[in-house]
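Taking it in order: structure first as structure tokens, then the write-up.
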Amino acid sequence: ANPDYTKGLALVAGSDCLTCHKTSEKNIGPAYKDVAAKYENTEENVKMLAEKVIKGGSGVWGAVPMTPHPQISQEDAEAMVKYVLLLKK
């Protein structure tokens, strides 16, 4: 029923995110639930993580870099991050 969850889930499902990430278990990248556990759901973290989705990044979860996704808008990346952060236990 949460619009952030619904929009973010749809955007993640329509992207290549699930190639490297899974909801509950580590794959190439961290599990979404682990990301949600690590980061508090704040506006600052949403913006920072959205920028990582767009620009890519490495070092936080190991040596494997996250591929940049410059085709994703800041707004959509933030919606995706909000969805992930809502998976916090």
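Rule-based calculations on the coordinates, nothing more; no lab input. Values in this document were obtained by computation on a predicted structure and should not be read as measured data. As a convention, Cβ positions derive from the backbone with ideal geometry for all residues, glycine included, and neighbour counts pool all protein chains shown.
For this structure, a couple of remarks:
- Cross-chain or 6+ apart pairs with Cβ under 6 Å, the range 18-33 first and closer than 16 Å to Leu85 by Cα, then of a type in the set (Gly, Ala, Ser) and surrounded by fewer than 16 Cβ atoms within 10 Å (Cβ to Cβ): Ala31/Ser24; Lys33/Ser24
- Total residues in the range 5-27, condition over 15 Å from Ala50 (Cα atoms) and among the basic types (Lys, Arg): 2
- When restricted to residues that are farther than 18 Å from Tyr5 by Cα, in contact (Cβ under 8 Å) with a residue 12 or more places away in the chain and under 11 Å from the mean Cα position of the chain (by Cα), the range 34-55 contains 3.
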